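Here is the structure we will look at, set down as structure tokens.
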Amino acid sequence: MTASVSAIPTSRPWPLVFWAVLGSAFLALQLNVYAAWIGSDDFRPSERGSDPIPDYSRWAMTIYEVLSLATLAIALVWFVRGWRRSGHLDTTRLMMIGWLSAYWLDPFLNFLRPMFTYNAYAFNYGCWCEFIPGWQTPNGSRIAEPLLIDGPAYFYSFAGTALIGLAFMRKAQARFPRLGIAGLTLAGFSGVWLSMGLLDIVATRYLHFDAWPGAFHAWSFWGGDFYQFPIYEFILFPSTFIACAFLLMHADARGYTAIERGIEHFASSPRLATVMRILAFIAFCNVLNLAYTTAMGVHALYVDPWPGNMPSWLSNEQVPIGAH
């Protein structure tokens with residue numbers, strides 16, 4: 001939990017101000033992107049195509065959505081009750097808000113070439129991709145963004161995964177007090193791999209929730225098939241959660257993180273201080289997601305052609321890499 005804001009400034013306000021201003025920019029941009037998408041002709045479901053889908057995969061999408069919404073309801077109750085009980089937002093809840101605000105960048109992996117797709121049998125209204133500044137891939141609006149699954153997951157799952165990584169790091173530090181940054185990082189990765197990592201593989205390989213058609217076949221599990229899973233995804237994506245874990249791990253004695261330094265300058269206005277902290281976490285999570293999706297997007301310039309057995313319900317009406 002975060003203690004009340006001290007009335008005596010002990011540091012300069014610029015760290016918090018910087019992150020809050022950046023968070024404001026991210027928030028304004030994504031709201032503009034969402035509004036433009038909803039008001040456009042692109043706000044419609046993606047085509048599933050004529051290829052047959054296994055019954056278990058189709059049912060898996062429905063079950064996945066129900067479980068996602070049920071988990072979201074539980075998370076919201078926990079979020080609100082804790083906030084009302086304590087009277088302030090702790091860093092866990094701030095990170096939940098931050099990651100939810102980073103959802104708009106979820107499809108940005110495809111900004112240069114189509115490399116990642118979703119199962120069109122999941123509830124979707126296409127994607128807001130083409131309204132994101134810098135987007136280059138044609139037909140990006142047809143990516144079947146699974147609104148009832150990924151949206152809620154960004155709120156409860158991503159912060160939760162960071163906490164799992166943090167728990168593994170603290171456990172390792174308690175067991176080996178002299179453990180350095182490399183050891184802590186490996187411990188954190190282990191936690192993420194054993195939680196979200198395994199779930200991601202199951203979702204891609206067996207449930208066909210999503211697909212990585214744009215990947216290096218030799219560096220992927222099941223390379224060359226539509227359910228291939230790039231091994232390097234185990235490094236890049238978990239890195240965002242390890243960064244979150246380190247941020248939380250090095251909070252000061254009052255419970256404030258590095259991006260909240262200078263909070264005491266806003267002691268006279270608790271509401272403003274809360275808004276500043278929310279915006280700071282929005283900035284932090286958006287920066288992490290932007291770095292990850294940009295790196296994956298650039299790598300798509302060099303990947304192997306799409307697998308030849310890519311089904312239409314996972315193709316999202318995209319022009320495959322390697323097609324002539």
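Numbers below:
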{"quantity": "Contour minus Cα-Cα distance for residue 35 and residue 253 (0.36 nm per residue)", "calculated": "74.4 nm"}
{"quantity": "Ranked by how many other beta carbons lie within 10 Å on average, peptides 123-130, 112-119 from highest", "calculated": "112-119, 123-130"}
{"quantity": "Inter-probe distance in nm under a simple model that places probes 7 Å from Cα toward Cβ, at residue 47 and residue 235", "calculated": "3.9 nm"}
{"quantity": "Selected from 30, 64, 255, residue furthest toward positive end of dipole (the range 14-315; charges at beta carbon)", "calculated": "255"}
{"quantity": "Lys, Arg +1 and Asp, Glu -1 on Cβ, resulting dipole of the range 14-315 about Cα centre, debye, nearest 20", "calculated": "1200 debye"}
{"quantity": "Per-selection metrics, the chain (Cα): Rg and Dmax in Å", "calculated": "20.5, 66"}
{"quantity": "Mean separation of Cα contacts under 8 Å (6+ apart) over length of the range 101-222, as relative contact order %", "calculated": "27 percent"}
{"quantity": "Spread of Cα-to-Cα distances over 5 Å intervals beginning at zero, given as percent, for the range 118-212", "calculated": "2, 12, 15, 16, 15, 12, 11, 8, 5, 3, 0"}
{"quantity": "GNM top mover of 236, 179, 290 - the chain, alpha-carbon springs below 10 Å", "calculated": "179"}
{"quantity": "Signed unit charges on C-beta, dipole axis of the range 210-278, positive-most listed residue 222, 265, 246", "calculated": "265"}
{"quantity": "Between the range 8-73 and the range 109-173, the Cα center-to-center distance that results, in Å", "calculated": "7 Å"}
{"quantity": "MRE, 222 nm, helices only [DSSP H, n ≥ 4, -39500 (n - 2.57), over the chain, to nearest 500]", "calculated": "-17500 deg cm²/dmol"}
{"quantity": "Distance (nanometres) between label positions extended 7 Å along Cα→Cβ at residue 123 and residue 69", "calculated": "0.4 nm"}
{"quantity": "Taking 277, 58 and counting other C-beta atoms within 10 Å, the order from fewest to most", "calculated": "58, 277"}
{"quantity": "Charge sum, other residues only, whose C-beta stays under 13 Å from residue 309's C-beta, Lys/Arg counted +1 and Asp/Glu -1", "calculated": "-2"}
{"quantity": "Stretchable slack from residue 136 to residue 175, in nm (0.36 nm times residue separation minus alpha-carbon distance)", "calculated": "9.2 nm"}
{"quantity": "Equivalent-ellipsoid semi-axes of the range 54-204, from the Cα gyration tensor, Å, largest first", "calculated": "30, 20, 17"}
{"quantity": "Rounded to 10°, Cα long-axis angle of helix 55-86 versus longest principal axis of the chain", "calculated": "10 degrees"}
{"quantity": "Euclidean distance of C-alpha centroids, the range 74-93 and the range 265-310, integer Å", "calculated": "23 Å"}
{"quantity": "Percent RCO, i.e. relative contact order, over the chain, from Cα pairs under 8 Å lying at least 6 residues apart", "calculated": "34 percent"}
{"quantity": "Degrees separating the helix 181-192 axis from the principal Cα axis of the chain, which is the longest one", "calculated": "50 degrees"}
{"quantity": "Additional length obtainable on full extension of the chain from residue 167 to residue 218, 0.36 nm per residue less Cα span", "calculated": "15.0 nm"}
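A short reminder: the numbers here are calculations on the coordinates, not readings from a lab. Keep in mind it's a predicted model, so treat the numbers as computed, not measured. No Cβ is skipped: glycine too gets one built from the backbone with ideal geometry, and neighbour counts run over all protein chains shown.
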